[in-house]
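What follows is one structure encoded as structure tokens, with my remarks underneath.
The values are calculated or read from the model by the stated rules, or taken from the named source; none is laboratory data. In this text, all values refer to a predicted model and were calculated from it rather than measured experimentally. All Cβ positions, glycine included, derive from the backbone under ideal geometry; neighbour counts span all protein chains shown.
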Amino acid sequence: MTTNPNAPYRDTPSASQNSGWVTGLALFAGVVMLVNGILDIFQGIVAVIDNDLIVTTPNYVFRFDVTSWGWVHIVIGALVVVAGAGVLRGALWGRIAGIVLASVSAISAFMWLPYYPVWNIIVIALDVFVIWALCVYRDDDRAF
């Protein structure tokens, strides 16, 4: 039996397989989605219940009613939680929805920036990480 020196090593993952890092990052992305979604729901509840608690910026381009923003955050947060659960279960729909909803969450955080600037910059950074982690993950038998 001869071996081909140009053949890949047996322990090296092929292009369609995930390394342990990629799988771990996808798991971490799912957990980040769950936490981010739950915190988004809480943030929305605060805006709906007591909109005087949130300090508004008078000259911001994307200025909307704080109560309306609260409902937007509640809906986005609930959808992100569901998609995060799908990611943790390893579902393809969860990863696709996670990419879309993390994008929507990042845009929403940008528009909510004057109300909670530091937190929203962190949320945008986490959303970018989630998008990246879910984009590099591949199923063994199919790709996006």
Looking at the stretch 72-98 only, could you name the residues that are in a helix (DSSP H, G or I) and either β-branched (Val, Ile, Thr) or surrounded by fewer than 15 Cβ atoms within 10 Å (Cβ to Cβ) (or both)? VAL72, ILE74, VAL75, ILE76, VAL80, VAL81, VAL82, VAL87, ARG89, LEU92, TRP93, ILE96
Please work out which one of (1) more than 12 Å from ALA29 (Cβ to Cβ); (2) under 9 Å from the mean Cα position of the chain (by Cα) is the condition LEU126 fails and give its number. (1)
Considering the stretch 105-122 alone, what residues qualify as being over 9 Å from the mean Cα position of the chain (by Cα) and either surrounded by 16 or more Cβ atoms within 10 Å (Cβ to Cβ) or among the hydroxyl-bearing types (Ser, Thr, Tyr) (or both)? SER108, ALA109, MET111, TRP112, LEU113, PRO114, TYR115, TYR116, ASN120
Pairs where the first residue, in the stretch 107-130, is more than 14 Å from HIS73 (Cβ to Cβ) and the second is among the β-branched types (Val, Ile, Thr), C-beta under 6 Å, 6+ apart: PRO114/THR57; LEU126/VAL32; VAL130/VAL32
Quick check: is even one residue across the stretch 77-89 of a type in the set (Val, Ile, Thr), under 14 Å from the mean Cα position of the chain (by Cα), closer than 18 Å to VAL136 by Cβ and modelled with pLDDT of 70 or more? yes
What is the number of the single condition among (1) modelled with pLDDT of 65 or more; (2) farther than 20 Å from ILE124 by Cα; (3) among the charged types (D, E, K, R) that ASP11 does not meet? (1)
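Are any of the residues in the stretch 59-71 under 22 Å from PHE28 (Cα atoms), in a helix (DSSP H, G or I), modelled with pLDDT under 95 and not β-branched (Val, Ile, Thr)?
Checked against the condition, which is being under 22 Å from PHE28 (Cα atoms), in a helix (DSSP H, G or I), modelled with pLDDT under 95 and not β-branched (Val, Ile, Thr), the stretch 59-71 yields no hits at all.
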